[in-house]
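Participant: Here's a structure for you.
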Amino acid sequence: MTSTPAPLGPVDPTRIQEVLDGRWAHVRRDAREQLGEAKYAPVYGETGAEARERVTRLSRELAATGRVGLGFPREYGGQDDAGGSVTSIEMLAFGDLSLMVKAGVQWGLFGGAVQALGTKRQHDVYLRDIMSFDLPGCFAMTETGHGSDVQQLRTTCTYDPATQTFDLHTPHQAARKDYIGNAAKDGRMAVVFAQLITQGAGHGVHAFLVPIRDADGSPAAGVTIGDDGPKAGLNGVDNGRLSFDHVRVPRDMLLDRYGQVAEDGTYTSSIENETRRFFTMLGTLVRGRVSVGGSAGSATKLALEIAVRYGDTRRQFAAPGGDREIVINDYLVHQRKLLPALAKTYALHFAQEELVSTMHDVQGVEDVDEAAQRELESRAAGLKAANTWHATQTIQLAREACGGAGYLAENRLPALKADTDVFTTFEGDNTVLLQLVAKGLLTGYRDAFGSLDGWGRAQFVADQVRETVLERTAARGLIQRLVDAVPGRGEEVPFTDRGWQLAAFEDREKHTLDGAIKRLRKGAARKDITPFDIFNDVQDHVLATAQAHIDRIVLEGFVAGIERATDPAAKALLGKVCDLYALTTIEAHKGWFLEHGRLTPTRAKALTGSVNDLLKELRPHLRTLVDAFAIPAAWLNCAIVAEEPGRQEVMAAHDAELQAAGRGAETGTDDATATSLEVAPAQ
Ligand SMILES: Cc1cc2nc3c(=O)[nH]c(=O)nc-3n(C[C@H](O)[C@H](O)[C@H](O)COP(=O)(O)OP(=O)(O)OC[C@H]3O[C@@H](n4cnc5c(N)ncnc54)[C@H](O)[C@@H]3O)c2cc1C
């Protein structure tokens, strides 16, 4: 299928918006209409204490709207709508990101852990108070010494049958809980992750509900609470430290859905293997990771809307003989910045939407399918990494695209940068998440990797011929049809052939994966190298595989999303944006495609020309593409955008002045000095 050759006509942004809004359009609409007000937008220039106070107050107000209950069970006043709850967090991220994170901690992490890891007895006691924010809480997993490798946490929780309590203890400084949201000021209870020990045996990390403050706000007996202090951003969130000095925790405070301790201390679990049990527990908490990816997407959209709207009115330099200075969005290199970032934002939006839908369906049943759950976790990890890295890059790019104005707090971008920076780290460090994706891709080899000791190594080496099969996204049938319909693989296939694009992405993933497996197998065949070194020597290759995989599922998500468009003009525009995402991704990996003979040098050069042609075609639609995000004006909270009409008048008056003075654009090259003086950057 080639994209429409006819030039793009005008497109109604609301027709694109309806495609973007997708399955949870009603949640997005509700958020825009009911929450899209100034009080949920960020405030600049507050002290840390003021920011924390305001965000706590807003959290209470948000709870009172009843919207935070979407993901909780109906019997406690919720709506059993996991997809809706993630979408509502994503919408909240258009406003103050501290509020979004605080909400994520309270209702996603803390509430989510009680819901997923606890049982009815605990739900009955706590869920209503958690939803109403009467019980502010924390999710205390990370320790100063262990953030990524949480299976190695050092906090212990040892059962004592004589008192029928656990003894929760922080054995040393590195075992204290660190960076914990809601800990420094508001949290009254925490879900604390610790090594469970009973009858002298360890059973791995489990979660315990632990009161950390009394009703009057002072630390509970044996609990030491510290404050992480000023951070790079998210100043409205009270991150802190928790240490436990032999704190007594009643037996029924173990969140015991996956592991139970009887009165006499006997341990039982339906999952025998400790590692499997731990990862099953973590897997139930995937919602937090999915929310961070979606929220990063919202921040990216905001930044792009600001940059695009600024670029449509900002003028710098005049063309020789031209009668006005040029609008910066008309410069090719400016389009080179904004449009590929916008195209990737669209691509990630559709992939994220598909992920949320899958999460909702996979986790919404009584007996969760294990393979589907594993696939969900891998996709959540990959898209969290892709979305948050894209946010960090794009917000910086948008900041620069707004020049000096982009650096002012009143123009929102500095706070967006500071607040989203840590998204690449929390809910899983991105590099570590890519390794998780890669391990999932080594399907069929995973078990051998799991224990690459003598036996695993032998089996891995013996396993010579196994076809690499790519796991398909939801639009499996459509994608396969498009790939099968490619008219050959040669020079003659147009770059805009969707099947060719999909095949190129698949090819990169498959080849990179095959190469990584070959290298791992080679390492496994050697006797003089440890399992650690086998993996470590190939780590970069393995991560490149994960990256190629994510790029492919994102493209497939986009292709599937376009299918939902019913308006032909909207569909044609989305098709072009998809072309741009596909071609700029291939362009970014030109080196690989050339090295592996997938592109000839001539075709690689032609690719750049095709991208530039697309930029020209899409330029008139820049504004439409950001308007389609339908971000409420009150949430944009950006002076250069709010002043837009005024700014246009100022610019027009400025132009008129220049013309009256016989200077400016019509002065052409002769007056280049005057023009360049006018535009000389402020120091
Ligand atoms: C603002 C903020 C809020 C937070 N909120 C919470 C919360 O509410 N509750 C909670 O439990 N935690 C919270 N965290 C903790 C967060 O989840 C951890 O910081 C995160 O998981 C990373 O762990 P780490 O800091 O120990 O980094 P590390 O794991 O030490 O990572 C440091 C670097 O080492 C690299 N690295 C690590 N392992 C490998 C490897 N195997 N191969 C290659 N490279 C590797 C990483 O890529 C990274 O670049 C929060 C953190 C912050 C900053």
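Participant: What are the extents of the Cα atoms of region 99-251 along their three principal axes, in Å, largest first?
Facilitator: Rounded to whole Å, the extents work out to 44, 35, 29 Å.
Participant: Out of all Cα-Cα pairs in the chain, roughly what percent, to the nearest whole number, are more than 51 Å apart? Each step should come with its number before you reach the end.
Facilitator: Details: 36658 of 232903 pairs.
Roughly 16 percent, rounded to a whole number.
Participant: Mind sorting Met91, Met359 by how few other Cβ atoms lie within 10 Å of their own Cβ, fewest first? The partial results should precede the final answer.
Facilitator: On the way: Met91 27, Met359 22.
The fewest-first ordering by Cβ neighbours comes to Met359, Met91.
Participant: Would you calculate, for the chain, the mean residue ellipticity at 222 nm contributed by helices, counting each DSSP H stretch of 4 or more residues as -39,500 (n - 2.57) and dividing by all residues, to the nearest 500?
Facilitator: Numbers: 27 runs with 356 residues, N = 683.
Estimated from H runs of four or more residues: -16500 deg cm²/dmol.
Participant: Further question on the same structure: For q = 0.08, 0.13, 0.16 Å⁻¹, what log10 I(q)/I(0) does region 1-144 give under the Debye formula with an equal point scatterer on each alpha carbon and no solvent?
Facilitator: -0.29, -0.65, -0.89
Participant: Continuing with this model, one more query. Quickly rank 62-68, 596-602 as a protection proxy: mean count of other C-beta atoms within 10 Å, highest first. Mind dumping the intermediate values first?
Facilitator: Details: 62-68: 17.6, 596-602: 13.1.
Descending mean neighbour count gives 62-68, 596-602.
Participant: On a C-alpha basis, how far is the centre of region 325-390 from the centre of region 136-165 in Å? Whole number, if you could?
Facilitator: One Cα centre to the other: 33 Å.
Participant: Could you list which residues have their amide H under 5 Å from that of Gly265, counting only those 5 or more apart in sequence or on another chain, with H placed in the peptide plane?
Facilitator: Here nothing satisfies the definition.
Participant: Using 0.36 nm per residue, how much length does the chain from Val150 to Glu370 gain when fully extended, once their Cα-Cα distance is taken away? Mind dumping the intermediate values first?
Facilitator: Details: separation 220, 0.36 × 220 = 79.20 nm, distance 2.17 nm.
Working it through step by step, the gained length comes to 77.0 nm.
Participant: Report the full-extension gain for the segment Thr600 to Asn273: residue separation times 0.36 nm, less the Cα-Cα distance, to one decimal in nm.
Facilitator: 112.6 nm
Participant: Right, here's the next one. Could you name the aspartates and glutamates in cross-link range of Lys185, using Cα to Cα under 16 Å and dropping any fewer than eight places away on the same chain?
Facilitator: Within reach: Glu50, Glu53, Asp134, Asp214, Asp216, Asp227, Asp228, Asp238.
Only the coordinates and a few stated rules stand behind these numbers; no lab work does. From a predicted model like this one, the values you see are computed outputs, not experimental measurements. Ideal geometry is used to build each Cβ from the backbone, glycine not excepted, and the neighbour counts take in all protein chains shown.
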